[in-house]
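Encoded as structure tokens, the structure appears first; notes follow it.
Bear in mind that the values in this text are calculations on the coordinates, not laboratory data. Worth saying up front: this structure is predicted, and the values here are computed from it rather than measured. Counting neighbours? That spans all protein chains shown, and the Cβs are built from the backbone with ideal geometry, glycine included.
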Amino acid sequence: MRKLLRTSMMLAATLLGLATALPAAAQFAKPEDAIKYRKAVFTVMATHFGRVAAMANGKAPFDAKVAADSAEIATSMSKLPYVAFIPGSDKGDTRAKPEVWTEWDKVKGLSEKMQDEMVKFNVAAKGGNIDTIKAAAGEVGKSCKACHDNYRKE
Ligand code: ASC
């Protein structure tokens, strides 16, 4: 009886562990799919962030509606790529350095900083003041670079 209880508790613990671990990994059948996903997300994020940054830098005419919509998209994207750095996805068509996996805590910290700056940038973009947007975009850019400097090849 005690053995049965112990066995069922172990089974319950295993199932709970699986249930919490599965959602992230289960999105991707293969490491290659995870690589494709995160690259797609970064592409969309950079495109929409870049669209606003171009306005902030005077390279494109300021359009408050486009800026606000683009910042919203970039902010949504900023939350997505990190579940896709799954084991095994350091090999393949990726510029992510192996240190992403060995120094995951640091990468996670940098990703959270970027997400925080992106939220502030999104608020600024909704406000419609180009100088405020420019300052916030600068902080986002720095937070992107902080990760690329150490964790992205070339
Ligand atoms: C961008 C973009 C990045 C960052 C980075 C900031 O617009 O595509 O990767 O900003 O260049 O330094």
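Can you tell me how much longer the chain between D105 and A54 gets when fully stretched, taken as 0.36 nm per residue apart minus their C-alpha distance, in nm with one decimal?
Values: separation 51, 0.36 × 51 = 18.36 nm, distance 3.20 nm.
Once the chain is fully extended between D105 and A54, it gains 15.2 nm.
Over its Cα atoms, what ratio of radius of gyration to 2.2 N^0.38 Å does the stretch 54-104 give?
On the way: Rg = 16.4 Å, N = 51, 2.2 N^0.38 = 9.8 Å.
For the stretch 54-104, the normalised Cα radius of gyration is 1.68.
Taking a straight Cα-Cα cut-off under 24 Å and skipping sequence neighbours fewer than 8 places away in the same chain, the lysines within cross-link reach of K142 are K39, K59, K79, K97, K106, K108, K113, K120, K126, K134, K153.
Label separation (K91 vs K142): 3.9 nm, computed from points 7 Å beyond Cα along the C-beta direction.
At 0.36 nm per residue, and after removing the present C-alpha to C-alpha distance, how many nm does the segment from K65 to T132 gain when stretched out fully? Intermediate values should be presented prior to the final figure.
Details: separation 67, 0.36 × 67 = 24.12 nm, distance 1.54 nm.
Residue separation times 0.36 nm, minus the Cα-Cα distance, leaves 22.6 nm.
All C-alpha pair distances within the stretch 29-154, sorted into 5 Å bins from zero, spread as 2, 12, 21, 22, 17, 12, 8, 5, 1 percent across the bins.
Can you figure out the FRET efficiency of D116 with D33, using R₀ = 22 Å and their beta-carbon distance, to the nearest 0.05? Provide the component values of the computation, followed by the final result.
Details: r = 28 Å, r/R0 = 1.29.
Efficiency, rounded to the nearest 0.05: 0.20.
The spacing between the stretch 93-154 and the stretch 40-84, judged by their C-alpha centroids, is 12 Å.
Any idea what diffusion coefficient the stretch 90-143 gets from Stokes-Einstein, in µm²/s, Kirkwood Rh on alpha carbon pairs, 4 °C, 1.567 mPa s?
Working: Rh = 12.6 Å.
Here the translational diffusion coefficient equals 103 µm²/s.
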